[in-house]
Structure formats: C-alpha cells, structure tokens
Amino acid sequence: MNGQKTPSFAAPRRLWQDSRKLRFLIVGGWNTLFGYLCFYGLYLLAANRVHYLIVTAVAHFINIIQAYVMHRWLVFRSEAKVTNEFLRFNASYIGTFLFGLLAMFLLVEAAALSPLVAQAIVILMNVILSYVLHSRVSFRPSSDRQKPSS
C-alpha cells in the first residue's frame, strides 16, 4: 500500500443513524425543496387562471404524500399501521397548512410580497412547527398515545 488511509464513512453513517433531528432536517430540506418546486411549477402553469391560495393548497396536497413517505421511513422509522399514522400525519399538517395559508395571505396582501417570495418565507417558518407536531403527534410511539386506565 502507499500509506494513504481510505476514507471512512462510519462517522457520518453513525450520525445519520443516531440523530433523528439531523434526519428530520435533511429530509425536511428535501421536502421543502420539493414542496417549493411543486408550488413554483403549479404557480407558473396556473397563476393566470387560478388564485395563488388554490395553487398553495394543491401543491400542499401533492407534497404531503411524498413528505409522509420520507418521514415515515427515513426520519421516524415507523412501523405503525399506515392508515392511522397517515391520518395523524395529515392532522399535524392541518396546523401547518392553516398557518401557511394565513401567513401567505398576510405576506402577499399586507406586506405586498410576491407569492413566490412569500411561499419561501412560509416554508422556513413551518420547519419548527412541523418538527414539533410530527414528533409529538404523527410519529409518537403507540405506547405514548395510550393512556393508562385508572
């Protein structure tokens, strides 16, 4: 051998495996990019015919399906029943969705920002809200959801 060490990917792999918050941020970054590009594409296609809040809702619906898959398998590594968990996931997103619609409206109508700029701001604000809701509602282990009977 020539004395050079082979790069080891053990530390990054271990960090990925051990850190749910890191996985959430990375998957969240992907979801954010996917969601924004989905909104952007739909907005460019339909802005002249459809109100931007409807475009926001359609983009949100498309993004929520792919986000659920990513969060379930990569972030929270859930093995719960898909139907119940997907319903909880959607319930968590109702809060972020309503917040996003209100924030979009205020940023576009009151602050006079472009819908494209407003959506980027809203997405960033939703990151923290989303983590809290998903870790405490969507993917909380079933043992935490069951209340002991007294």
For L129, which of the numbered conditions (1) within 21 Å of R20 (Cβ to Cβ); (2) touching a residue at least 40 places away in the same chain (Cβ under 8 Å) fails to hold?
(2)
Only one of R49, R77, R72 is of a type in the set (K, R) and either under 10 Å from the mean Cα position of the chain (by Cα) or surrounded by 19 or more Cβ atoms within 10 Å (Cβ to Cβ) (or both); which?
R72
Residue list for the range 11-31, restricted to those being exposed (fewer than 15 other Cβ atoms within 10 Å of the Cβ), among the small types (G, A, S) and either closer than 12 Å to H134 by Cβ or modelled with pLDDT under 85 (or both)
A11, S19
Do you know which residues across the range 97-135 are at pLDDT 90 or above, β-branched (V, I, T) and farther than 18 Å from F61 by Cβ?
V108, V117, I121
Residue list for the range 70-91, restricted to those being in contact (Cβ under 8 Å) with a residue 12 or more places away in the chain and either part of a helix (DSSP H, G or I) or of a type in the set (K, R) (or both):
M70, H71, R72, L74, V75, E85, F86, R88, F89, N90, A91
Cβ-Cβ under 9 Å pairs, at least 6 apart or on other chains, the range 43-55 side assigned to a helix (DSSP H, G or I), far side of a type in the set (S, T, N, Q):
Y43/T56; Y43/Q119; Y52/Q119
Among what's in the range 72-85 and is touching a helix residue (DSSP H, G or I) at 6+ places or on another chain (Cβ under 6 Å) and at pLDDT 85 or above, pick the residue that is nearest to L22 (Cα to Cα).
V75
Test I94 against the stated conditions and say whether it is surrounded by fewer than 15 Cβ atoms within 10 Å (Cβ to Cβ), in a helix (DSSP H, G or I) and modelled with pLDDT under 85.
yes
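The values are calculated or read from the model by the stated rules, or taken from the named source; none is laboratory data. This is a predicted model, so every value here is computed, not measured. No Cβ is skipped: glycine too gets one built from the backbone with ideal geometry, and neighbour counts run over all protein chains shown.
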